[in-house]
There are 4 protein chains.
Amino acid sequence: MSENVRQIVGGLVSVARGFYARGWLMGTSGNLSAVVEREPLRLAITASGVDKGELKPEQVLIVDENVQVLSGMSSRPGFTSKPNSKSKSASTKKPSDESLLHVRIVKERGAGAVLHTHSIWNTIFSDLHVEQGGVRIEGYEMLKGLAGVRTHDHSEWLPIVENSQDMPALANAISKILNQDKSVHGFLIRRHGLYAWGDNLTEAKRHVEILEFLLETMGRTAMIKRG
Amino acid sequence: MSENVRQIVGGLVSVARGFYARGWLMGTSGNLSAVVEREPLRLAITASGVDKGELKPEQVLIVDENVQVLSGMSSRPGFTSKPNSKSKSASTKKPSDESLLHVRIVKERGAGAVLHTHSIWNTIFSDLHVEQGGVRIEGYEMLKGLAGVRTHDHSEWLPIVENSQDMPALANAISKILNQDKSVHGFLIRRHGLYAWGDNLTEAKRHVEILEFLLETMGRTAMIKRG
Amino acid sequence: MSENVRQIVGGLVSVARGFYARGWLMGTSGNLSAVVEREPLRLAITASGVDKGELKPEQVLIVDENVQVLSGMSSRPGFTSKPNSKSKSASTKKPSDESLLHVRIVKERGAGAVLHTHSIWNTIFSDLHVEQGGVRIEGYEMLKGLAGVRTHDHSEWLPIVENSQDMPALANAISKILNQDKSVHGFLIRRHGLYAWGDNLTEAKRHVEILEFLLETMGRTAMIKRG
Amino acid sequence: MSENVRQIVGGLVSVARGFYARGWLMGTSGNLSAVVEREPLRLAITASGVDKGELKPEQVLIVDENVQVLSGMSSRPGFTSKPNSKSKSASTKKPSDESLLHVRIVKERGAGAVLHTHSIWNTIFSDLHVEQGGVRIEGYEMLKGLAGVRTHDHSEWLPIVENSQDMPALANAISKILNQDKSVHGFLIRRHGLYAWGDNLTEAKRHVEILEFLLETMGRTAMIKRG
């Protein structure tokens with residue numbers, strides 16, 4: 001299990017650095033998480049306000065379902081925090097307020113990993129299509145990379161939720177969206193960003209790449225088509 | 001010949017990682033192949049659903065002309081699969097359904113390497129020009145990098161094929177296209193991606209870069225010119 | 001203190017290389033600085049005309065509040081200049097004329113680091129919004145990454161100053177802007193670039209990334225929305 | 001002198017890889033050269049048809065003023081070619097036909113390095129402004145990075161030459177352009193690319209970065225401004 005945590009944290013660090021390079025996690029934005037244990041819930045999640053381009057394993061926290069940082073991480077390989085240690089350790093870092101949304105998605109969907117990105121194109125679409133309540137993505141081969149999709153002849157709905165600083169309210173709004181349509185693979189928060197998830201980190205990463213690719217493709221198509 | 005396989009696989013891994021960095025193989029999309037032997041056909045091809053940014057040599061399969069994964073790869077350098085091995089090996093991976101298209105292109109054109117990318121710009125053009133049946137590319141110096149083209153004063157036709165999940169049907173549609181015009185260096189599948197090829201991997205890579213460059217140049221020119 | 005300088009210089013080199021990779025410091029443009037000591041002021045700042053993609057520690061100078069390069073750096077770790085040395089040393093390099101602006105921002109705002117970038121998007125906005133005197137940025141979650149901003153429901157003003165080669169005059173124009181609105185986190189110089197700052201280099205880097213992200217998002221939104 | 005050659009070739013390799021990463025030398029396009037000796041002229045120049053992203057020192061040739069590859073390179077450090085060697089050596093590679101243009105620019109301008117890039121934006125502008133005969137670039141701070149320019153209040157002319165496969169004719173057209181206006185820092189060939197130069201490789205690289213930056217800025221400004 002210790003080795004398991006180390007692997008999971010290493011995976012989050014690797015994905016964070018790759019997404020940062022693509023400009024999807026600028027200015028310490030975004031959060032990445034993966035389930036370490038399900039019962040009781042133990043979630044590895046990036047600490048608040050850290051530079052994702054230089055993310056270090058000790059900047060990934062383990063939280064429970066109430067987003068409390070768990071003590072005793074110091075005894076696990078891959079974590080350096082020690083009680084009474086003067087070094088800047090995991091125990092002195094705090095999880096993002098949005099960790100609550102990660103926990104909610106894990107619970108509602110049984111997700112094994114949740115990735116939240118702030119890209120140029122997901123920010124644009126989260127605003128541009130707000131009146132329609134979401135973005136309809138249809139007919140692209142790339143859709144086949146979303147879990148359970150077998151053909152390009154598929155219609156994917158990417159809902160948009162209004163942004164809020166009231167996290168419990170936002171979490172409830174998201175639960176409602178997730179319950180309305182069991183088939184969605186992600187959602188946008190208005191002028192904020194994208195949430196996507198998967199059974200594991202590999203699948204969640206694939207889903208983010210696919211949704212980002214399709215939003216950019218649709219955005220540039222709209223720009224080139226406009227008469 | 002073993003060393004030959006190792007070199008070919010290493011080349012595919014290198015191209016895959018470079019193209020992934022450019023955003024042309026996001027979300028495990030795309031496939032890359034190179035001929036190992038021609039009679040009988042032995043094709044090295046990326047396994048289905050693997051992350052091209054982290055492609056490993058053991059994720060490249062050797063298939064025959066019926067896209068059957070060949071056994072006995074374990075005895076060749078560069079391949080780790082072993083019968084009865086518990087490790088995630090080449091023998092437990094499957095080739096993409098689109099491998100059939102790679103085989104067809106190798107046979108129809110005598111190609112030594114076939115590269116299939118999903119870029120933003122090739123996806124846009126595959127849809128935007130579908131009514132014309134293809135994209136006409138003319139007058140660019142960059143065209144001289146396509147095999148057999150000696151001057152910028154050249155008119156290249158990049159045909160578009162309708163997308164389908166019926167691989168034998170799609171392969172036949174592609175054969176028809178390839179037979180209609182012996183001079184094409186690639187084709188687009190609608191809302192899906194680009195196929196290009198060459199006598200060897202170096203030439204195929206060059207062709208992809210040139211076609212991607214020209215599509216992006218034409219796309220941005222259209223956007224800037226529109227009144 | 002010597003180790004402190006070494007750390008600060010190393011941080012500037014790292015940020016410079018990262019920003020260069022994103023195209024924000026092309027053609028030796030831009031300047032980066034961080035405070036080494038406040039009383040009397042000792043500022044580490046990139047030398048004039050150096051390639052930011054290959055920035056070396058010895059290309060970072062220590063200047064005083066009059067932008068005079070301080071002698072005796074040679075005795076500090078991380079600096080190689082020696083009096084009477086024939087090697088190309090810090091003492092033979094000169095600070096950018098714009099160093100005066102860095103000093104002014106440090107004094108006016110108590111900033112610990114000042115970063116000046118020349119990006120495509122900040123150059124565009126510095127010209128496009130010149131008649132309004134600045135750029136209004138509102139309603140984006142990303143704004144929360146700016147120091148002191150607690151909600152996306154925030155209205156950030158990014159003033160634009162007319163460009164000039166008269167540095168004292170430009171410094172005074174900037175002082176005026178900074179005194180008019182104590183809440184700004186950066187400003188644009190017309191057809192020139194962005195200045196942003198923070199309590200330390202980490203915060204200043206975060207601010208640049210956020211402002212660059214938001215300008216690009218707004219620019220692309222304008223392009224896609226235009227009817 | 002041998003060490004000099006090694007340094008120059010190393011510099012060309014480094015610039016080539018950096019420019020390739022930015023997409024300015026795709027599909028083996030472009031050429032980079034630097035003067036090794038002036039009397040008689042000895043020019044280090046990239047061989048024809050090589051992948052700039054994987055450029056190796058032995059793919060840089062030494063040519064004379066008639067673009068003849070010089071023998072005897074094998075005895076110089078950094079060059080591996082040997083007469084009668086079976087290895088793929090410099091002596092079996094040929095210079096690009098466009099090497100003639102590099103020699104002409106070196107002679108006409110006394111340039112120490114000449115860089116030819118094929119970027120998306122320089123290709124677009126070389127076509128878009130062909131009727132005006134060139135691109136006027138005015139008022140940008142970034143212009144100050146061009147040798148001899150002291151203020152942003154400068155008007156730079158970037159001439160456009162019609163493309164041709166007749167190299168002596170193209171060289172003469174370029175000589176004419178260069179003689180008409182002694183102040184230009186580069187020129188475009190229609191639907192082909194950019195040539196820029198400098199007293200040395202560092203300056204030439206800076207000039208390319210500045211001109212590429214300004215063309216992209218002007219291109220995106222035109223797109224955003226269009227009503």
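The numbers here are math on the coordinates, done by the rules we state, and not lab data. The shown structure was predicted, so the numbers you read here are calculated from the model rather than taken from an experiment. Note that we place each Cβ from the backbone using ideal geometry, even for glycine, and neighbour counts take in every protein chain shown.
Counting Lys and Arg as +1 and Asp and Glu as -1 over every other residue whose Cβ lies under 14 Å from the Cβ of A:GLU65, the net charge comes to 0. Placing unit charges on the Cβ atoms only, positive for Lys and Arg and negative for Asp and Glu, gives the stretch C:98-215 a dipole magnitude near 260 debye about its Cα centre. Counting charges near D:ARG191 (Lys, Arg +1; Asp, Glu -1) among other residues having Cβ under 12 Å from its Cβ returns a value of -3. Restriction of the trypsin sites (Lys or Arg not before Pro) in the stretch A:95-162 to DSSP coil positions whose beta-carbon has at most 11 other beta-carbons within 10 angstrom yields A:ARG150. Expressed to the nearest 5 percent, the antiparallel share of DSSP beta bridges inside the protein assembly as shown is 90 percent.
Ordering A:ILE120, A:VAL106, A:LEU170 by Cα displacement along the dipole of the protein assembly as shown toward the positive end leaves A:VAL106 in first place; charges were set at the Cβ atoms of Lys, Arg (+1) and Asp, Glu (-1). Report, for C:GLY110, each distance to the same residue's label point in the other copies, shortest first and in nm; define the point 7 Å along Cα→Cβ. The projected label point of C:GLY110 is separated from its counterparts by 5.5, 5.5, 7.7 nm. Membrane-span-like helices of chain B, defined as complete DSSP H segments with a Cα extent of 18 Å or more along the helix axis and a mean Kyte hydropathy of at least -1.0, are identified as B:2-21, B:167-180, B:201-225. When each of C:LEU61, C:LEU143 is scored by the number of other beta-carbon atoms lying within 10 Å, the sequence from fewest to most is C:LEU143, C:LEU61. For the rotation that carries chain A onto chain C, the axis lies closest to a Cβ at A:MET223, 4, where the number is the distance in whole Å. In a simple Cβ point-charge model (Lys, Arg +1; Asp, Glu -1; nothing else charged), chain B has a dipole of about 520 debye relative to its Cα centre. Look at C:MET223, A:MET167, D:MET142 and count the other Cβ atoms within 10 Å of each Cβ; fewest to most, that gives A:MET167, C:MET223, D:MET142.
Report the calculated FRET efficiency for A:ASN4 and A:GLU65 (r = Cβ-Cβ distance, R0 = 25 Å), to the nearest 0.05. Plugging the Cβ-Cβ distance into 1/(1 + (r/R0)^6) gives 0.85.
Computed from the C-beta positions of C:ASP153 and C:ARG109 and an R0 of 25 Å, the FRET efficiency is 0.55 to the nearest 0.05.
Apply the a/c threshold of 1.5 to the C-alpha gyration tensor of the protein assembly as shown and tell me whether it is rounded, prolate or oblate. Here the protein assembly as shown falls in the rounded category. Pull out a ≥ b ≥ c, the square roots of the eigenvalues of the alpha-carbon gyration tensor of chain B, then state rounded if a/c is under 1.5, prolate if not and a/b is larger than b/c, and oblate in the remaining case. Because a/c hits 1.5 or more and a/b exceeds b/c, chain B counts as prolate. Taking a ≥ b ≥ c as the square roots of the eigenvalues of the Cα gyration tensor of the stretch C:151-193, is the shape rounded (a/c under 1.5), prolate (a/b larger than b/c) or oblate? Oblate.
Excluding same-chain neighbours fewer than eight residues apart, the aspartates and glutamates reachable from D:LYS52 by a Cα-Cα span under 15 Å are B:GLU203, B:GLU209. Taking a Cβ cut-off of under 14 Å around C:GLN165, the surrounding Lys, Arg, Asp and Glu residues balance to a net charge of -2, with basic ones at +1 and acidic ones at -1. Between A:GLY134, A:GLY186, A:GLY30, the residue with the greatest mean-square fluctuation in the GNM of chain A (Cα pairs under 10 Å linked by springs) is A:GLY134.
Tell me which trypsin sites (Lys or Arg not before Pro) from the stretch B:19-54 have a DSSP coil assignment and no more than 13 other beta carbons within 10 Å of their own. Those satisfying the criteria are B:ARG38. Between B:GLY30, B:GLY134, B:ILE160, the Cα set farthest toward the positive side of the dipole of chain B (charges on each charged residue's Cβ, about the Cα centre) is that of B:GLY30. Here the protein assembly as shown is assigned +1 on the Cβ of each Lys and Arg and -1 on the Cβ of each Asp and Glu. Its dipole about the Cα centre then comes out at about 1620 debye.
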